[in-house]
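Following: one structure in structure tokens, then a few remarks.
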Amino acid sequence: MDPAGQLAYSDAYARSVEARVLAIDDSGEAPIVVLDRTVFYPGGGGQPSDRGQILRTSDGRTWTVRGARKSGGDIVHELERGGEGVPAVGDVVSADLDWSRRHLLMRTHTALHALCGVVWRDYEALVTGGNMEPGAGRMDFEFERMSGDLVDEIEEKVNTELRSARDVRVNVLPREQAFAIPDLIRTKVNLLPPGIEEIRTIEIVGLDLQADGGTHVANTREVGGIRVTGYESKGRINKRIRIELVEPS
Ligand SMILES: [Zn+2]
């Protein structure tokens with residue numbers, strides 16, 4: 001699969017694409033399908049992979065895609081086993097996302113970057129990890145002095161930033177150029193394997209810049225707001241903040 005056919009990285013709003021089946025592996029627990037292009041995100045960076053369906057153009061038959069993942073350089077689709085048969089190599093299909101779930105993940109992912117941006121800008125706390133599901137997520141920080149009062153303040157600041165309608169941009173930079181951006185160091189861009197020559201970044205203009213492979217909304221206004229649903233200590237230094245999305249008003 002040509003990297004240019006991995007549309008999630010260049011156009012997060014592509015929810016469907018016509019594609020051709022390149023390979024099938026029906027030997028395992030779930031049938032695996034490789035297409036020549038796809039809109040499915042394979043998961044990574046705390047963002048779960050997409051779900052959706054594959055529809056065969058010739059007869060309208062559909063298969064549920066229960067997940068996707070990277071395998072070698074390809075994005076492979078895992079089908080739910082049900083009924084009989086799998087698509088055949090050469091079939092022309094439409095690869096369709098469960099868009100409401102994906103869009104919720106995009107809003108959630110951008111919200112978490114806004115949280116990172118605020119916590120870094122105003123408290124200089126490094127992010128050490130994170131995870132999300134549609135509509136909710138958590139981030140871990142090296143944030144010794146975090147407290148309940150501070151968390152309320154952070155929630156308010158993040159919501160102010162989201163309301164500020166900041167554009168969210170995707171850039172792909174040569175490795176050397178990416179390494180020269182001081183902000184990227186906090187997301188441990190220097191841990192990337194030596195073979196990677198280009199670094200994809202997500203910029204919330206004026207707030208946050210991170211090396212990131214995920215899918216994001218184009219403007220923070222689309223996120224709506226956040227509510228902090230909990231925070232906890234994972235040790236003296238390491239703290240976890242949990243958030244959920246609040247619908248745009
Ligand atoms: Zn991210």
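General observations
- Cβ-based exposure ranking for 110, 229, in which fewest neighbours within 10 Å come first: 229, 110
- Here segment 79-229 is treated with +1 on each Lys and Arg Cβ and -1 on each Asp and Glu Cβ, and its dipole about the Cα centre works out to around 160 debye.
- The chain: angle of helix 99-123 to the longest principal axis, Cα-based, in degrees nearest 10: 30 degrees
- Top of 58, 94, 147 by mean-square fluctuation, Gaussian network on the chain, Cα under 10 Å: 58
- FRET efficiency estimate (nearest 0.05) - Cβ-Cβ, residue 244 to residue 221, R0 25 angstrom: 0.85
- Förster radius 35 Å - calculated FRET efficiency between residue 142 and residue 92, Cβ distance, rounded to 0.05: 0.10
- A full extension of the chain between residue 24 and residue 66 corresponds to an added length of 13.6 nm, given 0.36 nm per residue minus the alpha carbon distance.
- Once the Cβ-Cβ distance of residue 233 and residue 160 is raised to the sixth power relative to R0 = 30 Å, the FRET efficiency obtained is 0.70.
- For the chain, the relative contact order works out to 19 percent when only alpha carbon pairs closer than 8 Å and six or more residues apart are counted.
- Nonlocal amide H pairs with residue 51, under 5 Å, H built at 1.01 Å: 98
- Along its three principal directions, the equivalent ellipsoid of the chain from the Cα gyration tensor extends over semi-axes of 35, 20, 16 Å, largest first.
- If the segment from residue 124 to residue 100 were pulled out straight at 0.36 nm per residue, it would be longer than the present Cα-Cα gap by 5.2 nm.
- Gyration tensor (alpha-carbon) shape descriptor, segment 120-249, a/c threshold 1.5: oblate
- Highest-MSF residue in the chain out of 181, 204, 154 [GNM, Cα springs under 10 Å]: 181
- Anisotropy class of segment 1-103 from Cα gyration tensor, a/c 1.5 cut: rounded
- For 176, 198, 203, order by how many other beta-carbon atoms lie within 10 Å, fewest first: 176, 198, 203
- In terms of other Cβ atoms within 10 Å, 99, 120 run from fewest to most in the order 99, 120.
- Helix 148-163 axis versus longest C-alpha principal axis of the chain: approximately 60°, rounded to the nearest ten.
- Cα-based Lys proximity count in the chain, under 24 Å, for pairs eight or more positions apart or on separate chains: 5
Since every read-out is calculated from the coordinates, none of them should be taken as a lab result. What you are looking at is a predicted structure, and each value in this text was computed from that prediction instead of being measured. So basically every Cβ, Gly included, is an ideal-geometry build from the backbone, and we count neighbours across all protein chains shown.
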